[in-house]
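A.B. asks: Quick one: the structure is below, and I'll ask about it shortly.
The values are calculated or read from the model by the stated rules, or taken from the named source; none is laboratory data. Bear in mind the structure is a predicted one, so any value in this text is a computation, not a measurement. Don't worry about glycine lacking a Cβ; one is built from the backbone with ideal geometry, like all the others, and counts go over all protein chains shown. The area values use the complete protein model at the heavy-atom level, side chains included, leaving out ligands, DNA and RNA. Shrake-Rupley method; radii C 1.70, N 1.55, O 1.52, S 1.80 Å.
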Amino acid sequence: MIAFFVNFPLFSIVLCLLCAVLCALLKGKAARIVSLSLCGVVAVLAFCVLVYGLQTGAATEYPMGHYPHPWGNELRFGIAEPLVALVFAVVMLLCLIGGKQQLDVDLEPGKRNLYYVMCDLVLVSLLALAYTNDVFTGYVFIEICTIASCGLLMIRQIGRTTLAATRYMIFSLIGSGLFLLGVILLYGVTGQLLMPSLKAAIAALWEGGQYRTALLSAMTLMTVGLAIKSGLFPFHLWMPDTYAYSTPASAGILSGLVSKGYSFLLIKLVFGVFGTDVFYGSGVSNVLYVFGALGIIVGSISAAREKDVFRMIAFSSAAQIGYLYFGIGLTPALGMLAAIFHLLTHAVTKPLLFLAAGQLGEAAGGRLRHTWRGAAHRNRTAGLMFSLGAFSMIGIPLTMGFVSKYRFALAAFERPTLLVVTLIVLAVSTVLNAMYFMRVIIGIYTPVPERRTRMTLREQRPFAVSSLLLALLNLSAGVAAQPLVLLLERGLSLL
Amino acid sequence: MAPIWLLGCILFPFAAGMLLCLLHLRSYRLLTGLMLPVILLTSLFCWAAILFCPADGAEVIRFAPNLVLLLRLDGLGRFFVGIVATLWPLTALYAVSYMRREQHPGMFFGFFTASYGATLGVAAAGNLFTMYCFYELLTLTTVPLVLQPMTRAARKATRMYFLYSIGGAAFAFAAMVFLISSGADGAFGAGGLLGAHPYGENITYLFWLFGFLGFGVKAALFPLHAWLPKAAVAPTPVTALLHAVAVVKAGAFAVIRLTYGCFGADLLRGSRAQTVALMLAAVTIVYGSAAALKETNFKRRLAYSTVANLSYILFGALLLTPAGIAAALLHMAAHACIKITSFFAAGAVRHETGRESVYELDGLGKRMPVTFVCFTVSAFALTGLPPFNGFVSKWYLLTAAAEAGGVAWVGAGALLLSALLTAIYMLTACRRAWFPDKNANLSALSGVHEAEWQMLLPMLVLTVGMLACGVFAEPILAAVRAIAAGL
């Protein structure tokens, strides 16, 4: 039985594509049901693959089509890939459930099914990015993901989203263009596209000192391309509008999942293509470290200056992406582990924040911070969930955010030369996070004379259910972090 | 049995407090009728724990191999629990009368009870990680208490308080991870856990300073003290108990734990880090007293005085000698008793007359004699006049500084200067109350009378306590010496 699970990555990808086609034909409500069940099924399939990975204890290469190794197209999965896919599918499901209220308003009646087509396409590209063993397939799904993400953003037809989508498109296309150039260069030098063969070829060339410039350029191009797409400083300027003006479900998916898909691909490339020796020996990692650190600080400062709460959360995402690259740049073992743990933390926390902010925005009737006064009294669930998400971002013990912070701090000690800098960046970022999140929390809990009616739990059942599940995920992973860390550690060793 | 008992002591008030918050009780009587027994019961549990709990620690949860939630009541912990468990019920009684006319009593009493649990958690923590967790919890549970008046000033003060506390904890976190990754992640031990410098001498000192300044934020160390006077906008029971005792002394307590229980006094003695820290404490002592002198708002003046007095404690602890830490603990208890009484008096004045400035105290002594007798006694004690407890603790602080010699002399000078300033800023307030200015408008005081018995009783009890601890200092002295010997 378990041996059959080996096919599930392929099944889930094909299933997503089929559902995307199906949704294009269906009416809005049916398409929603199909997409929601798809997320659920993909999550179950990913869980089965995870079980398979744990059983075999090794990475499995899964060839597709009839072409043998150097030419064919392959999937590869160990433990980290299905785990990430599982989190992606679950979070996407919860985003779609939790954002229902706003989706009903924001989607034009005739175009509802198209939204779910885009969701399915985003899911398939995330799965493909997680499972692929072929850099060109990676590129193809990067492009699919870009287009579908633009769709998720544009579906809410207000002027700002068109502008945001244009900007997002430009940044994204530059990013994927650079990635493609890197792939071409690598192919030109090595003649390979499959990750394991590429890795062997690169290691041999690097050892012999040949094509240093070409390899370094290719590595830089691919890294920078993915960094632009996930929004690393100084390429984070597309983020605020993109996340802040899309409907909360889209904001959750875009910030929590899409940018993480690219980061996860980079982690895969570091282990599976460049090899840690080459990557960390070449100095590219140091560049990531520096820009990650700058991203943390600049993102947090921008968030602190922002009066629009949605844009504030978006800038906070820029800072969190900074954390990811900061960890990747720090060290290959503990730094990488911290980065991938933070990837999950952010994937769980940011959608919670966006969904809760969406509800609070409704309750307050505005986007700006000062209009939010007393909003938590009108919508208690959303206020509580927002606070919890904020505490996780700040890194209060028992939340997932604390474990992330702790793992980053531990990683700092693996590289004593950067020890003090790393820890000061962490501390300063904590202070900045506390500053801007606390301002909102104090505001929403400040009572004002009641003008609006209070939201009851029944009126917002979808949001309540999904945010509660996200919060539970966050807290349980915060309390029982050790099993997850061990799992990720094993996963990283198989990448 | 011991860990369950301790966990109960912590969780019971915390859970009860959260429940009080959620219940949204409309009846003030029911609210206080539920709150008082909870606080009293917790204090009883605590005293039982102090007297009968064995000193060995016990694990509650193991998050990761080196992140363990460990509860343990050693001598120092018992001492702090004792202070807290005595003062909390008294303040609760005071608050029942004080909060009657204020807004949102449910939120106030809920978090007031919950923060009791968090403070006990800090006191009963067996290792640095546990203490850090409860330290953060203490911040979170006390933030709503500062926010209580919900005015613009309160919101600003809350933001500042939260920011300073979280920022401090973030640096203390760095020190904690330093200790964990150096293998010093066990329970607080006598003589410290570190033993040697794992990443070189300077790195050790740097991280100790991170931890010292980080926890020092809550102990209102200059230049990180600004939140404390601002937080005086909170209702008086909060300023009195939390911002003169529980929260700020948790900061000092955490510094002592970090220094003696983790890094080890031997490792730091004579280092540059110790000199820097001693100097900072000395500067804070003089600065706090001088700022108190300049301040005209009654509660803020007392808050600045707290800033100075917390650094007395830190200064004593940072001498890194047994005599120093014993004197520091003595002052911790003495100041808790004194300052809470002063704040109670200031709160009674505000509650009865609405007056907040020191210049408006003229002639109130005759109208509120009990309040001002208590305040005057606390002023004498704070200045360090015999036979009150402030004299005993200051005496031992000075002798400890003199014994330590070297840079400690600067601190001794600061202590003397501060005593002079204390005399001025406390006694001018007393002078106005008892001997009003000739041109003061005393007719405005015609309707003023004493506060209710719930407010007077705690003051009187504490005043008697000040005298008793001053006259019969021997048992307390023996207790703190025993604790100091075990660190």
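A.B. asks: Just wondering, is there one or more residues in segment B:345-354 that are under 20 Å from B:Ala291 (Cα atoms) and in contact with a helix residue (DSSP H, G or I) (Cβ under 6 Å, 6 or more places away or on another chain)? Even if it seems obvious, please write down each step before you answer.
C.D. replies: Of the residues in segment B:345-354, the ones under 20 Å from B:Ala291 (Cα atoms) are B:346.
When the remaining residues are screened for being in contact with a helix residue (DSSP H, G or I) (Cβ under 6 Å, 6 or more places away or on another chain), the result is B:346.
Yes, the conditions are met somewhere in segment B:345-354.
A.B. asks: Kindly evaluate A:Leu337 against the criterion of being in contact with an Asp or Glu (Cβ under 7 Å, 6 or more places away or on another chain), among the aliphatic types (A, V, I, L, M), touching a residue at least 24 places away in the same chain (Cβ under 8 Å) and open to solvent by less than 10 Å² (accessible area, probe 1.4 Å).
C.D. replies: Here the answer is yes, as A:Leu337 does meet what is asked.
A.B. asks: Right, here's the next one. If you take the residues of segment B:1-47 that are surrounded by fewer than 13 Cβ atoms within 10 Å (Cβ to Cβ) and among the hydrophobic types (A, V, I, L, M, F, W, C), which of them is farthest from A:Tyr445 (Cα to Cα)?
C.D. replies: Taking the candidates together, the pick is B:Met1.
A.B. asks: Kindly establish whether B:Pro54 is in a helix (DSSP H, G or I) and either on the phi > 0 side of the Ramachandran plot or more than 24 Å from the chain's Cα centre (by Cα) (or both).
C.D. replies: no
A.B. asks: For residues that are in a helix (DSSP H, G or I) and polar (S, T, N, Q), scanning just segment A:323-359, find the one that is farthest from A:Leu495 (Cα to Cα).
C.D. replies: Among those residues, the one meeting the criterion is A:Gln359.
A.B. asks: Just a yes or no: is a residue in segment A:417-426 in contact with a Ser or Thr (Cβ under 9 Å, 6 or more places away or on another chain), within 8 Å of chain B (Cβ to nearest Cβ) and either open to solvent by 10 Å² or more (accessible area, probe 1.4 Å) or at pLDDT below 90 (or both)?
C.D. replies: Checking segment A:417-426: not a single residue is in contact with a Ser or Thr (Cβ under 9 Å, 6 or more places away or on another chain), within 8 Å of chain B (Cβ to nearest Cβ) and either open to solvent by 10 Å² or more (accessible area, probe 1.4 Å) or at pLDDT below 90 (or both).
A.B. asks: Tell me which residues, restricted to segment B:325-375, are open to solvent by 20 Å² or more (accessible area, probe 1.4 Å), of a type in the set (S, T, N, Q) and either without any contact (Cβ under 8 Å) to a residue 24 or more places away in the chain or part of a helix (DSSP H, G or I) (or both).
C.D. replies: Within segment B:325-375, just B:Thr353 meets the criteria.
A.B. asks: Do any residues in segment A:13-36 that are farther than 30 Å from A:Gly138 by Cβ have Cβ atoms under 6 Å from those of residues that are in a helix (DSSP H, G or I) and open to solvent by 30 Å² or more (accessible area, probe 1.4 Å), where the two are at least six apart or on different chains, and which pairs are they?
C.D. replies: Short answer, once both residue conditions are applied: A:Gly28/A:Arg112.
A.B. asks: Might you let me know whether segment A:226-246 holds any residue that is in contact with an Asp or Glu (Cβ under 8 Å, 6 or more places away or on another chain), crowded, with 19+ Cβ neighbours inside 10 Å, assigned to a helix (DSSP H, G or I) and not aromatic (Phe, Trp, Tyr)?
C.D. replies: Looking for residues that are in contact with an Asp or Glu (Cβ under 8 Å, 6 or more places away or on another chain), crowded, with 19+ Cβ neighbours inside 10 Å, assigned to a helix (DSSP H, G or I) and not aromatic (Phe, Trp, Tyr), one finds at least one in segment A:226-246, hence yes.
A.B. asks: Tally up the residues in segment A:444-495 that are within 13 Å of another protein chain (Cβ to nearest Cβ), without any contact (Cβ under 8 Å) to a residue 12 or more places away in the chain and in a helix (DSSP H, G or I), please.
C.D. replies: Selection size over segment A:444-495: 4.
A.B. asks: Counting just the residues of segment A:402-416 that are open to solvent by 20 Å² or more (accessible area, probe 1.4 Å) and touching a residue at least 60 places away in the same chain (Cβ under 8 Å), which one comes out nearest to the other protein chains (Cβ to nearest Cβ)?
C.D. replies: A:Leu410
A.B. asks: Test B:Phe222 against the stated conditions and say whether it is open to solvent by 10 Å² or more (accessible area, probe 1.4 Å), in contact with a helix residue (DSSP H, G or I) (Cβ under 6 Å, 6 or more places away or on another chain) and within 14 Å of chain A (Cβ to nearest Cβ).
C.D. replies: Values: open to solvent by 10 Å² or more (accessible area, probe 1.4 Å): yes; in contact with a helix residue (DSSP H, G or I) (Cβ under 6 Å, 6 or more places away or on another chain): yes; within 14 Å of chain A (Cβ to nearest Cβ): no.
Taking the combined requirement at face value, the residue does not satisfy it.
A.B. asks: Name, by its number, the condition in (1) within 28 Å of B:Thr353 (Cα to Cα); (2) assigned to a loop (DSSP other than H, G, I, E, B); (3) touching a Phe, Trp or Tyr at 6+ places or on another chain (Cβ under 6 Å) that does not hold for B:Met466.
C.D. replies: (2)
A.B. asks: Being surrounded by fewer than 23 Cβ atoms within 10 Å (Cβ to Cβ), out of contact with any strand residue (DSSP E or B) (no Cβ under 7 Å at 6 or more places or on another chain) and assigned to a helix (DSSP H, G or I) narrows it down to one residue among B:Leu241, B:Leu228, B:Leu213, B:Leu193; which is it?
C.D. replies: Only one candidate passes the filter, namely B:Leu213.
A.B. asks: Kindly check whether there is at least one residue in segment A:384-399 that is at the interface with another protein chain (Cβ under 7 Å from one of its Cβ atoms), out of contact with any His (no Cβ under 8 Å at 6 or more places or on another chain) and in a helix (DSSP H, G or I).
C.D. replies: Checked against the condition, which is being at the interface with another protein chain (Cβ under 7 Å from one of its Cβ atoms), out of contact with any His (no Cβ under 8 Å at 6 or more places or on another chain) and in a helix (DSSP H, G or I), segment A:384-399 yields at least one hit.
A.B. asks: Considering (1) within 14 Å of chain A (Cβ to nearest Cβ); (2) under 18 Å from the mean Cα position of the chain (by Cα); (3) surrounded by fewer than 24 Cβ atoms within 10 Å (Cβ to Cβ), say which one B:Gly82 fails and leave the rest.
C.D. replies: (1)
A.B. asks: Has segment B:99-108 got at least one residue that is touching a Phe, Trp or Tyr at 6+ places or on another chain (Cβ under 9 Å), aromatic (Phe, Trp, Tyr) and open to solvent by less than 10 Å² (accessible area, probe 1.4 Å)?
C.D. replies: No, segment B:99-108 contains no residue that is touching a Phe, Trp or Tyr at 6+ places or on another chain (Cβ under 9 Å), aromatic (Phe, Trp, Tyr) and open to solvent by less than 10 Å² (accessible area, probe 1.4 Å).
A.B. asks: Here is a further query. So is B:Arg26 part of a strand (DSSP E or B) and basic (Lys, Arg) or not?
C.D. replies: no
A.B. asks: Scan A:Pro68, A:Pro63 and give me the residue that is at pLDDT below 90, part of a loop (DSSP other than H, G, I, E, B) and not basic (Lys, Arg).
C.D. replies: On the way: A:Pro63 fails: part of a loop (DSSP other than H, G, I, E, B).
Result of the check over A:Pro68, A:Pro63: A:Pro68.
A.B. asks: Let me ask something additional. Would a scan of segment B:429-448 turn up a residue that is within 22 Å of the chain's Cα centre (by Cα) and open to solvent by less than 70 Å² (accessible area, probe 1.4 Å)?
C.D. replies: No, because not a single residue in segment B:429-448 is within 22 Å of the chain's Cα centre (by Cα) and open to solvent by less than 70 Å² (accessible area, probe 1.4 Å).
A.B. asks: How about segment A:448-476: which of its residues are open to solvent by less than 50 Å² (accessible area, probe 1.4 Å) and at pLDDT below 90? Give the derivation first.
C.D. replies: Filtering segment A:448-476 down to residues open to solvent by less than 50 Å² (accessible area, probe 1.4 Å) leaves A:448, A:460, A:462-464, A:466-467, A:470-471, A:474.
Hits for segment A:448-476 are A:Val448, A:Gln460, A:Pro462, A:Phe463, A:Ala464.
A.B. asks: Mind telling me which of the residues B:Ala333, B:Ala328, B:Ala346, B:Ala323 ends up being more than 23 Å from B:Ala484 (Cβ to Cβ) and of a type outside the set (Lys, Arg)?
C.D. replies: After applying the criteria, what remains is B:Ala346.
A.B. asks: OK, next. Can you tell me which residue in segment A:195-225 is nearest to A:Tyr323 (Cα to Cα), limited to those that are of a type in the set (Ser, Thr, Tyr) and open to solvent by 10 Å² or more (accessible area, probe 1.4 Å)?
C.D. replies: Within segment A:195-225, the subset of a type in the set (Ser, Thr, Tyr) is A:197, A:211, A:213, A:217, A:220, A:223.
After this cut, where a residue has to be open to solvent by 10 Å² or more (accessible area, probe 1.4 Å) as well, the list is A:197, A:211, A:213, A:217, A:220.
Working: A:Ser197: 31, A:Tyr211: 32, A:Thr213: 29, A:Ser217: 24, A:Thr220: 19 Å.
Out of the qualifying residues, it is A:Thr220.
A.B. asks: Here is a list: B:Ala408, B:Ala479. Which entry is open to solvent by less than 40 Å² (accessible area, probe 1.4 Å) and either among the β-branched types (Val, Ile, Thr) or on the phi < 0 side of the Ramachandran plot (or both)?
C.D. replies: B:Ala408
A.B. asks: Answer with yes or no whether A:Arg311 is within 13 Å of chain B (Cβ to nearest Cβ), open to solvent by 10 Å² or more (accessible area, probe 1.4 Å) and either under 30 Å from A:Thr276 (Cα atoms) or not polar (S, T, N, Q) (or both).
C.D. replies: Criteria not met by A:Arg311.
A.B. asks: Counting only residues that are among the aromatic types (Phe, Trp, Tyr) and open to solvent by 10 Å² or more (accessible area, probe 1.4 Å), which one in segment B:131-187 is nearest to the other protein chains (Cβ to nearest Cβ)?
C.D. replies: Applying the filter and picking the extreme gives B:Phe171.
A.B. asks: For residues that are among the β-branched types (Val, Ile, Thr) and either open to solvent by 10 Å² or more (accessible area, probe 1.4 Å) or more than 30 Å from B:Ala273 (Cα to Cα) (or both), tally how many sit in segment B:288-324.
C.D. replies: 2
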